[in-house]
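The values are calculated or read from the model by the stated rules, or taken from the named source; none is laboratory data. Owing to the predicted nature of the structure, the values given are computational and were not obtained by experimental measurement. Neighbour counts run over all protein chains shown; Cβ positions are idealised from the backbone, glycine included. Side chains are part of the model used for accessible areas, which takes the heavy atoms of the whole protein and leaves out ligands, DNA and RNA. Shrake-Rupley method; radii C 1.70, N 1.55, O 1.52, S 1.80 Å.
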Amino acid sequence: MSIETSATVGRFGPFGGRYVPETLVPALLELEEAYAAARADPAFGKQVTQVLKEFVGRETPLTPAHRLTAAWGGAQVWLKREDLAHTGAHKINNTIGQVLLALRMGKKRIIAETGAGQHGVATATACALFGLPCEVYMGALDVERQALNVFRMRALGATVRPVELGSKTLKDAMNEAMRTWVSQVQDTHYVIGSAAGPHPYPTIVRDFQAIIGQEVRTQSQALFGRLPDAIIACVGGGSNAIGVLHPFIGDKQVRLVGVEAGGHGLNTQQHGASLTLGTEGVLHGSRSLVLQDENGQIQEAHSISAGLDYPGVGPELAFLVKTGRMEIRTATDDEALQAFYEVSRSEGILPALETSHAFARGAELARELGKGKHLVINCSGRGDKDVATIAARGIPAAITGNKS
Amino acid sequence: MSGEIAAAFAKAKARGEGALVAYAMAGDPDLPRSVDVFAAMVEGGADILEIGVAFSDPIADGPVIQEASERALKAGASLKRVLNEVVPEVRKRCPETPLVVMTYINVVMALGEEKYAKLAREKGISGTILPDLPPEESVGIRAAFDAVGLDLIPLCAPTTPPARAEAIARDARGFVYCVSVAGVTGMRAELPVDLSSRLELVKRASPVPITAGFGISTAEQARAIGAHADGVVVGSALVRAAHADGPAAARQLCAEIKRGLKR
Ligand SMILES: Cc1ncc(COP(=O)(O)O)c(C=O)c1O
């Protein structure tokens, strides 16, 4: 199952670990132990599977994208439809699992951080479903950008706490959630939303998200009789990417591709490309690749999509990229926007801006692979939450072709 | 081991006092004026100076120190500049006082752990506190520090189980920093009731002095803790005093806390 390679648990090569205040270490040890016990307990697995089926709507389809396939003129394109999971993104797979784990541990309340708001909504949803109080930390800038999701969280009964510090985005929300956790660690579970953070989070989140890739395995066998030739996913912290890619790590014939936020461009310092341009460092409790200056100060990331606006990345992805198992590319804000319209108009799916980054690199990958090959794009979420951001820019004439 | 830290605790003890470890942020409000704050704290009676080096994402800190970090970063207080520009000036003005750096692991990693250890020792630093580096992650860096005689000062939290607390204490360098509250740095009106028994446990296991810190801002609190520990660490209260009213306010607060530490 896992690819932790070094003797130390929670390490992916040099990456991972548990760089947190001592106050949190006992809680992380407790979580590690509780998770190991839950994983070994068939009743827990059954419970998670049942909720995913009855409530989340799994399995999600693997849909053929006929018109994109034709337009791109290369590999057959398939979409793994996490946008069809309840709450509209893959994030729910992890929050259901973690909230059930928290209940098992007897925790009384849940805190979380969120960027795009999808993880916040998914956490609020799981908390509403199981009757736990929920507090979500969100950068003040993201509160503005993702107003719809802020409303959804509040409607679900969660308290949204805007964070006015630093860049007022995901990184600062995560700092604040960690500080809160330090003071309430006895009875509170912190649901981290990406495959990042201190051990055991990267492992827990990856395991709960790996359902995506496991389904792709069975579905691709059923639909085209073999494994895909390549899988592509966007990368913020990396949870949807590791979720869809992890079950294929041992299948060397399957190309694993991640797409990071190129923002305004890699040469502008306004991007979120930590796997592409990051250096080794410690952020939010794990050692990974981070965007930082020569003094070790973390740089602010930028992306048009709040979910990719993060200067760090999960340690397992850092390891996969460093060892060459995974390819990494970037797409700029403009390319993502363009892809958003292309996918909306040719497939009848409004993809999330995060997901649009994966689509933006899909065309060239489909052509590289060529006809007769199969390309899976992980459709990590739907774009409803982003329509205000996108509409504010107006539909570019180049896309409408003068139609309105 | 540096030896200077042990000597400072012993000197305070010989005078019948608990030791005061006084924290300020290097570079707040700018590099030269932070030197004045450190010097003033020693005039007020601080026995050891804790020199904060700012990090952009200080997860162990509350609002007072977070804001000080932001001011220090704006003033350009990188680890290199603190070691090259602040520390030598503080050394000059307070030649008798051991200096300890407090920062986050990423800041040290960026400079290089061994390079930092060497440079810090050269500049007269006796120890280092890294609040996001628990014992499991500190083996390598501690070896690098030990090699040059720079103490890696460990932290112990209220949530740390007794056996783990004893293990941390037994293996400590410099002094043991017992975090008094489960939370981030910042002043607290009340300290936990079981703090004294926790301090006694750590003290029994530790070959080096022990201090309590986080939340302490008054002479009264210092007196209560001084009965069970060799000293106290005061941070946010001093940072706030210096930010609001300048070095003299920090001097005065140090003097007041020292009165609480008289045995
Ligand atoms: C739809 C969607 N995709 C992707 C992401 C990025 O997260 P990750 O990289 O952890 O999958 C987010 C985060 O909010 C999201 O909402």
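A few remarks follow.
- Cα gyration tensor shape for chain A, rounded if a/c is under 1.5, else prolate or oblate: rounded
- Part-to-part distance (alpha-carbon centres) for region A:80-143 and region A:347-386, which is given in Å: 25
- Relative contact order (%) - region B:107-263, alpha-carbon pairs under 8 angstrom, separation at least six: 17
- Cα gyration tensor, region A:312-355 - rounded (a/c under 1.5), prolate or oblate: prolate
- Residue mean of other protein chain beta carbons inside 10 Å, B:106-112: 6
- Counting only Cα atoms, region A:219-374 measures 51, 35, 22 Å along its principal axes, largest extent leading.
- Relative contact order for chain A: 20 percent, from Cα pairs under 8 Å spaced at least 6 residues apart, divided by residue count.
- Phi angles across region A:190-203 convert, under the Karplus curve 6.51 cos²θ - 1.76 cosθ + 1.60 with θ = phi - 60°, into 3J(HN,Hα) values of 9, 8, 6, x, 10, 7, 10, x, x, 4, x, 4, x, 6 Hz, Gly and Pro given as x.
- The order of the peptides A:103-114, A:174-185 by mean Cβ neighbours within 10 Å, most packed first, is A:174-185, A:103-114.
- Hz values of 3J(HN,Hα) by residue in region B:93-106 - Karplus curve (6.51, -1.76, 1.60), Gly and Pro given as x: 7, 10, x, 8, 9, x, 10, 10, 9, 10, 7, 9, 4, 5
- With contributions of -39500 (n - 2.57) from each DSSP H run of at least four residues, the per-residue ellipticity at 222 nm computed over chain B stands at -13500 deg cm²/dmol.
- Diagonalising the gyration tensor over the Cα atoms of region B:191-251 and scaling each eigenvalue by 5 before taking the square root yields semi-axes of 26, 12, 8 Å, largest first.
- Peptides A:44-55, B:81-92 ranked from most to least packed by the mean count of surrounding Cβ atoms within 10 Å: B:81-92, A:44-55.
- Between region B:45-123 and region B:207-256, the Cα center-to-center distance that results, in Å: 18
- Positive-pole candidate from B:Ala189, B:Gly226, B:Ala117, dipole of region B:114-247, charges at beta carbon: B:Ala117
- Between B:Thr218 and B:Ala10, the modelled label-to-label distance comes to 3.6 nm, taking each label 7 Å out from Cα in the direction of the beta carbon.
- Helix axis angle, A:118-130 relative to chain A longest principal axis, alpha carbon, degrees: 50
- Here the protein assembly as shown has 53 percent of its accessible surface on carbon and sulfur atoms, given a 1.4 Å probe and all protein chains in place.
- Three semi-axes of the equivalent ellipsoid, region B:155-240, Cα gyration tensor, whole Å, largest first: 20, 12, 12
- Taking 0.36 nm per residue of separation and subtracting the current Cα-Cα distance, fully stretching the chain between A:Glu144 and A:Glu364 would add 75.8 nm.
- Cα-based helix-to-principal-axis angle, A:170-184 vs chain A, degrees rounded to 10: 20
- Across region A:205-300, the mean sequence separation of Cα contacts (distance under 8 Å, 6 or more residues apart), normalised by length, yields a relative contact order of 20 percent.
- For q = 0.13, 0.26 Å⁻¹, Debye-computed log10 I/I(0) when each Cα of region B:90-138 counts as one equal scatterer: -0.33, -1.03
- Mean projected area (nm²) of the alpha-carbon convex hull when region B:33-192 is viewed from all directions: 9.6
- Using the Stokes-Einstein relation with a Kirkwood hydrodynamic radius computed over Cα pairs, the translational diffusion coefficient of region A:15-166 at 4 °C and a viscosity of 1.567 mPa s comes to 74 µm²/s.
- The phi torsions of region A:102-116, fed into the Karplus equation with coefficients 6.51, -1.76 and 1.60 and a -60° offset, translate into couplings of 4, 4, 4, 7, x, 6, 9, 8, 10, 10, 7, 10, 8, x, 6 Hz, rounded to whole numbers, with Gly and Pro shown as x.
- Between chain A and chain B, roughly 2700 Å² of accessible surface gets buried, counting both sides and using a 1.4 Å probe.
- Amide H contacts of A:Arg161 (H built 1.01 Å from N, under 5 Å, at least 5 apart or other chain): A:Val136, A:Tyr137, A:Met138
- When each of A:Lys171/B:Lys80; A:Lys107/A:Lys322; B:Lys92/B:Lys203; A:Lys46/A:Lys91; A:Lys168/B:Lys203 is checked by Cα-Cα distance, pairs over 31 Å: A:Lys107/A:Lys322; B:Lys92/B:Lys203; A:Lys168/B:Lys203
- Shape category assigned to region A:252-335 from the gyration tensor of Cα positions, a/c cut at 1.5: oblate
- Entry comment: accessible area of the protein assembly as shown is 35 Å² per residue, from protein heavy atoms only and a probe of 1.4 Å.
- Between helix A:211-224 and chain A: long-axis angle, C-alpha atoms, 0 to 90°, nearest 10: 30
- Packing here is the average count of other Cβ atoms within 10 Å per residue, and on that basis the peptides A:207-214, A:230-237, A:292-299, highest first, run A:230-237, A:207-214, A:292-299.
- Counting Cβ atoms of other protein chains within 10 Å of each residue's Cβ and taking the mean over peptide B:59-67 gives 4.
- Across peptide B:51-57, the mean count of Cβ atoms from other chains lying within 10 Å of each residue's own Cβ comes to 6.
- Region B:157-200 and region A:269-332 have Cα centres spaced 34 Å apart.
- Using the Cβ-Cβ distance between B:Ala244 and A:Glu327 with R0 = 56 Å, the FRET efficiency computed as 1/(1 + (r/R0)^6) comes to roughly 0.55.
- Normalised size of region A:1-105, defined as Cα radius of gyration per 2.2 N^0.38 Å with N residues, equals 1.45.
- Calculated on C-alpha atoms, the gyration radius of region A:88-129 divided by its Kirkwood radius gives an Rg/Rh of 0.95.
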